[in-house]
Amino acid sequence: MKTTLAALLTASSVILLMAMITAQPPKGKPWKIPENYKTMKNVVKSSDASIQAGEGLYRKNCASCHGKTGLGDGIKSKNLETFPGDFSSAEFQSQSDGILFYQSKFGRNEMPKYEHKIDDSDIWNLVNYMRTLRK
């Protein structure tokens, strides 16, 4: 009986520890997006060249938090206060291109802004690349 109880407690502890290790930070509060960005159209046509450019920028600037495939599992994600998001999710993909542009350009909290680091046409390339990360 004692060994069964000890085994059960050990198994429970291991499960709890694994849950704590793999738990994602909480989801952040909804973004406040200005109306003009919600309907803004992507000015860069999605093409192989645009997606390739966006992928390079993504790997350099985004993958450390958002992960190589956009699942929010980058190497820095474990140190964030909020979950960086799953770009492959229907929720993410349902956002307009203008919203993704705004979020990438202006950032908030732990999400850095790229307003003066990446030009607008390249942010649109990033948006085109993020669209390829669907499930």
Restricting the search to region 48-72, which residues are in contact with a helix residue (DSSP H, G or I) (Cβ under 8 Å, 6 or more places away or on another chain) and assigned to a loop (DSSP other than H, G, I, E, B)? C62, G67, K68, T69, G70, G72
Tell me whether region 64-84 contains one or more residues that are buried (at least 20 other Cβ atoms within 10 Å of the Cβ), under 13 Å from the mean Cα position of the chain (by Cα), closer than 24 Å to T39 by Cα and free of Cβ contacts under 8 Å to residues at least 60 places away in the same chain. yes
Going by the structure shown, is K60 over 18 Å from K32 (Cβ atoms), surrounded by fewer than 14 Cβ atoms within 10 Å (Cβ to Cβ) and modelled with pLDDT under 95? no
Among what's in region 87-135 and is charged (D, E, K, R), free of Cβ contacts under 8 Å to residues at least 24 places away in the same chain and out of contact with any helix residue (DSSP H, G or I) (no Cβ under 8 Å at 6 or more places or on another chain), pick the residue that is nearest to D73 (Cα to Cα). E91
Looking only at region 80-108, count every residue that is in contact with an Asp or Glu (Cβ under 9 Å, 6 or more places away or on another chain) and outside any loop (DSSP other than H, G, I, E, B) and tell me the total. 4
Among the residues of region 102-135 satisfying the criterion of being buried (at least 21 other Cβ atoms within 10 Å of the Cβ) and not polar (S, T, N, Q), which is farthest from K38 (Cα to Cα)? Y129
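The values are calculated or read from the model by the stated rules, or taken from the named source; none is laboratory data. What you see is a predicted model, and the numbers here were worked out from it, not measured in a lab. Here Cβ is always computed from backbone atoms with ideal geometry, including for glycine, and neighbour counts include all displayed protein chains.
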